[in-house]
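Where a number appears in this text, it was derived from the coordinates with a stated rule and is not lab data. Everything numeric here is computed off the predicted structure, so don't read it as measured data. Counting neighbours? That spans all protein chains shown, and the Cβs are built from the backbone with ideal geometry, glycine included.
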Amino acid sequence: MYKLTEDRTKKGKELRSVFVDTLLKLMATDENIVALDGDLGGASKFTEIAKTYSDRFIQCGISEANMVGVSAGMSTVGFKPFMHTFGPFATRRVYDQIYLSGAYAGNTINIYGSDPGFCAGPNGGTHTTWEDVALMRAIPNAIVCDAADAVQLAWIIEEFAKREGVHYIRANRKACRNVYQEGSTFELGKGILLKEGSDVLIITAGQLVSDALDCAQNLEKQNLSVSVIDMFCIKPLDVDLILKEAKGKKAVVTFENHSITGGLGSAVAEVLAENQINVPFKRHGVNERFGQVGTPEFLQKEFKLTAQDLEETIKTLLK
């Protein structure tokens, strides 16, 4: 059961700290949980894990493919690995290892790909991932999540620890605006209808959930009734909720910090097309671009991923 926060202007705890603190809590009661990091212990705060559980922390260095292999090997003998690096190095760079040594071999690997999309900031295009969701969606039986805030991230980590298989979570390292109240719970494979409306449906995930709600509130002032779904679990996808909420709408728009190719927008488009839902539809995301250097705030504007950009897309679609 979830509850929305009363003040979405406030930021929660840094997500990297949320990840580490949640993992430390789990490690205290489950001696099979191990943490692996790709030369980012200071930036990720995984060094805090090393201080407490030095025998269950492995600094793998800038050898991400090897980190996946070590994770798979540890899973084979009963451990539950949680590994971290930047989103592109946690997916694109090591895709074959995740696919074969992880999923195909039946091993469990929990992957935290940090700073997705515009969150990569000054690390630039080499560290930017617009394609991680597309890649991970293609792995049979993988679970793919995009956390909206600190509360949701902590819940996802705890849920991953209960399951076997390949699990991927993308999230900023820094703090982002609160969406949910502490104690909120969710369900993998189920989207969350945050706001009900009759005219437009926005389906979003991750850090952009707050921006989507901002957009919806602004459109309400212009006499447009807007529904917003937080599709934090992109795979498995909540097909039933999409079909239920899309019917009768004047427009459906997906909004993602990701390429429009293969991500949330593609997943929703597949559902609408296969179920003959005839509604004006638009994927709002990044199209045919690489990352670049800048602050996250600048890059969010540069790649047109703000609430205002989404509002313009919706108005254009409704013309």
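Annotations for the structure displayed:
- Over 28 Å between alpha carbons, listed pairs Lys13/Lys235; Lys11/Lys45; Lys10/Lys221; Lys11/Lys244: Lys11/Lys244
- FRET efficiency for Leu243 and Ala50, using Cβ-Cβ distance with R0 set to 41 Å, rounded to 0.05: 0.30
- Per-selection Kirkwood Rh - the chain (Cα, Å, 1 d.p.): 19.6
- 12 Å beta-carbon shell around Asn275, net charge (K/R +1, D/E -1): -1
- Of all beta bridges that DSSP places with both ends in the stretch 172-288, some 15 percent have antiparallel geometry.
- Inter-site label distance for Glu187 and Lys162 at 7 Å from Cα along Cβ, in nm: 1.2
- Counted residue by residue at 0.36 nm each, then reduced by the alpha carbon distance between them, the extension gain from Glu6 to Ala269 reaches 91.4 nm.
- Proximity of backbone amide H atoms, modeled 1.01 Å from N, is registered between Tyr168 and Ile111, Ile143, Val144, Cys145 at under 5 Å, excluding neighbours fewer than 5 places apart on the same chain.
- Take every Cα pair under 8 Å whose residues are at least 6 apart in sequence, average their separation, divide by the length of the stretch 1-123, and the relative contact order is 22 percent.
- Percent of beta bridges antiparallel (DSSP, the chain, rounded to nearest 5): 15
- Full-stretch length increase - Ser63, Leu317 - with 0.36 nm per residue and alpha-carbon distance subtracted: 86.9 nm
- Simple spin-label estimate for Lys250 and Lys174 gives 3.7 nm between the two label positions (7 Å along the Cα-to-Cβ direction from each Cα).
- Debye-formula intensities of the stretch 48-194, expressed as log10 I(q)/I(0) at q = 0.14 Å⁻¹, are -0.68 (one equal scatterer per alpha-carbon, no solvent).
- Distance from the C-alpha centroid of the stretch 177-232 to that of the stretch 1-71: 27 Å, rounded to the whole angstrom.
- Contact order, relative form, for the chain: 19 percent (alpha carbon pairs under 8 Å, 6 or more residues apart, mean separation divided by residue count).
- Residue-span extension gain [Lys301 to Leu24] - 0.36 nm each, minus C-alpha spacing: 96.1 nm
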